[in-house]
1. Looking at (1) at pLDDT below 60; (2) of a type outside the set (S, T, N, Q); (3) in contact with a helix residue (DSSP H, G or I) (Cβ under 6 Å, 6 or more places away or on another chain), find the lone condition where residue 335 falls short.
2. Can you go through 312, 300, 294, 273 and tell me which one is farther than 24 Å from residue 429 by Cα and of a type outside the set (Val, Ile, Thr)?
3. Do the conditions hold for residue 434, that is, is it at pLDDT 90 or above, crowded, with 17+ Cβ neighbours inside 10 Å and aliphatic (A, V, I, L, M)?
4. For residues that are touching a helix residue (DSSP H, G or I) at 6+ places or on another chain (Cβ under 9 Å) and hydrophobic (A, V, I, L, M, F, W, C), scanning just segment 167-185, find the one that is farthest from residue 35 (Cα to Cα).
5. Conditions: (1) more than 25 Å from residue 239 (Cβ to Cβ); (2) surrounded by 17 or more Cβ atoms within 10 Å (Cβ to Cβ). Residue 158 meets all but one. Number of the miss?
6. Which of the numbered conditions does residue 26 fail, given that it passes all the others? Conditions: (1) buried (at least 24 other Cβ atoms within 10 Å of the Cβ); (2) among the hydroxyl-bearing types (Ser, Thr, Tyr); (3) out of contact with any Pro (no Cβ under 8 Å at 6 or more places or on another chain).
7. Mind listing whichever residues of segment 95-151 are outside any loop (DSSP other than H, G, I, E, B), polar (S, T, N, Q) and surrounded by fewer than 24 Cβ atoms within 10 Å (Cβ to Cβ)?
8. Go through segment 368-410 and give me each residue that's small (Gly, Ala, Ser) and outside any helix (DSSP H, G or I).
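The values are calculated or read from the model by the stated rules, or taken from the named source; none is laboratory data. Just so it is clear, the model here is predicted, and its values are computed rather than measured. Cβ placement follows ideal geometry from the backbone for every residue including glycine, while neighbour counts extend to all protein chains displayed.
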Amino acid sequence: MGGLREECGIIGVYSTARNVTSDIFYGLVSLQHRGQESCGIAVTHDREINHFKDVGLVNEVFNGKRLRELSGHMGIGHVRYSTYGTESRENNQPLVLRYIKGALAIAHNGNLVNSAKLRKEFEQVGAIYQTTCDAEVIAYAIARERMGAGSIEKALCMAMHKLKGAYSMVLTSPRKMIAVKDPWGFRPLCMGFKGDDIVFASESAALDCLGARYERELDPGEIVVVEDGKAVSIRDHCGTGKKSVCVFEYIYFARPDSVIDGQLVNNSRRLVGKILAQDSPADADVVIGVPETGIPAAVGYARELNLPYEEGFVKNRYITRTFIKPDQSARSASVILKLNPIKEYIRGKRVCLVDDSLVRGTTMQILVKALRDAGATEVHVRICSPPFLWPCYFGTNICDRGQLAAATSTEAEMARNLGADSLAYLRTERLPEILPDMRQPGFCNACFTGKYPIES
């Protein structure tokens, strides 16, 4: 669809008394929106780590037989989109390594900005790589420190001095599960309890799916170690970086029913719509949201202006990443197959179309044309984020500036390119207003401003 993609979703489940594989499976299904290229599960049984991963959706890769073969009392799971790593089976996670101190499984969300430097450093002392993903670089960093450290958590704590960038992770050794968030807190990672069992996940919606109680978001730089059913927090790296949660978790990436750092995502999206209506009202007859993430903002926009909201597009949920788009005409057809306009709500009306973001503009151009073909007399586009002007180095596929529509066109030019009567973005200075309940304020907006929390 030509839009934003976030690198992945992760989950970890620890129990002292039962098999956790099915919980990991259902948790991954609830996180499927965060990655639809590949998935994997690694579980520990009798101190042995067994795993399986493959290209495909969670329910395509794992059937009942496969899940039964992965029985274990603790384990981790991963769903993936590729950003900087290539789209190959070797890059699928969890990554499982065996070294002199035992075995290590790792599932990672984010991107390191010094990955190339570390990769070269490790190669010079004999490292041989099987993948191009950052998870392997992180695993090597931990394994090297483990040679002189008394425990896996001490090795991780030492390795973190070398790691720069975004990394929310869950790891398992034969006896322990560890969850960790980088000192800047770019990517979400929360903790909850299902009875006496402990669950970590990218989003609280995964805990809800499992019937687990949400406890809290991990703090930036925090390490939580689970052993013998008890969780211990290590905070040596807390406060060493400026908190920089990716603001797009609230605008686009996360599920609307997830809570991140105290803020319900759906509330943030409705606030975006309200603010857009205040700053950029459209003289329209009806407001329509682009499913799924544009809908809460469209509702907020319509309410603020006392305009009717209609579900103007029907989403075909059976069109997935596997749909083939070999040329431009086929790509255009795939958009309409996925999002078909309801002519009854559009014909003869001035339409305000609300979407979460505008990267290259190719999908929006198709949607604007579809509305006009359905009889819209005017189409006004409102975008729930500021203009993308800079690339992202922390786990989002926001590309180089030459491919970003806003970096090469004015709003008026872009509106003409889209075939829209007007175009307006959320103003950057109003971003803090969409996060009023955030537990500890601080977010990254570098893709809008070029001001990076860490130099690339």
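1. Condition (1) is where residue 335 drops out.
2. Details: 300 fails: farther than 24 Å from residue 429 by Cα; 294 fails: farther than 24 Å from residue 429 by Cα; 273 fails: farther than 24 Å from residue 429 by Cα.
Going through 312, 300, 294, 273 in turn, just one is farther than 24 Å from residue 429 by Cα and of a type outside the set (Val, Ile, Thr): 312.
3. Numbers: at pLDDT 90 or above: yes; crowded, with 17+ Cβ neighbours inside 10 Å: yes; aliphatic (A, V, I, L, M): yes.
When the stated conditions are applied, residue 434 passes them.
4. If we take residues in segment 167-185 being touching a helix residue (DSSP H, G or I) at 6+ places or on another chain (Cβ under 9 Å) and hydrophobic (A, V, I, L, M, F, W, C), then 178 is farthest from residue 35 (Cα to Cα).
5. (1)
6. Answer for residue 26: the failing condition is (1).
7. 115
8. So the first thing to find is which residues in segment 368-410 are small (Gly, Ala, Ser), and the list is 370, 374-376, 385, 395, 402, 405-407, 409.
Hits for segment 368-410 are 374, 375, 376, 385, 395, 409.
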